[in-house]
Amino acid sequence: MLINDEELILFLKDNKLFNEWYSYVKDILKSEEFEKRKLYIHHDDSVFHHCVLVSFESFMIARKIHVNAKICAIAGLLHDFYPKAWQYNEELFKKYPECLRTKKSVFRMHGFVHAKEASENYQIYYPDIIDKRITNAIKNHMFPLTIVPPLYIEGWIVSIADKLITIKTINIKTVPKLIGLKEQGKVLQKTKKYKV
């Protein structure tokens, strides 16, 4: 992470469209539940940090192509609003032990289920903003991994912004671990068994 979560907001304030974006997302950003995402690890950043970047990027794309920027800002902010952290964090464990996930089978792993979980979780904590376009954007932002594509243009924007931000911010050395090729510092050898 290049800058901490508080500095990120200050950095974005330099943009002339910051106030419009902030007016759409400020209540979520200030909520206690969303603040917990500062302790959820997301690749090399926090979920909070990642979601703010995706939200702002989605908002900017939407403004540029004249799509509903408010929907994009909110869906981008909540796209990874899953209820339990996937990676261990000592501080999170001390403050909110109930927020840590237990191990799951391969098809219950993060990439396959977190989008659906986030689409359900946001409706619990932010019922006043429930919208079919927001829900669909969050639920399908992992396309093509989730198979079902977004139904609305806002969902496509959030999905693309998520991938762009991840590519811009990820440390390339962590990719083998993220895709299951590296474990505890050793590269796993993928082998096939052949019948003779």
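Values as computed for the structure displayed
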item: Pair Ile65, Lys132: separation of 7 Å Cα→Cβ label points (nm); result: 2.1 nm
item: Karplus-derived 3J(HN,Hα), 6.51/-1.76/1.60, for each residue of region 46-61, Hz, glycine and proline x; result: 9, 4, 4, 4, 4, 5, 4, 5, 5, 4, 5, 4, 4, 4, 5, 4
item: Per-residue HN-Hα couplings for region 118-132 [Karplus 6.51, -1.76, 1.60; θ = phi - 60°; Hz; x = Gly/Pro]; result: 5, 5, 7, 5, 5, 5, 6, 8, 10, x, 6, 10, 4, 8, 4
item: Hz values of 3J(HN,Hα) by residue in region 156-162 - Karplus curve (6.51, -1.76, 1.60), Gly and Pro given as x; result: 5, 5, 5, 4, 5, 4, 4
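Readers should treat all values here as calculations from the given coordinates under stated rules, not as data from a laboratory. For clarity, every value in this text was computed on a predicted model and none was experimentally measured. Cβ atoms come from the backbone with ideal geometry, glycine included; neighbour counts cover every protein chain shown.
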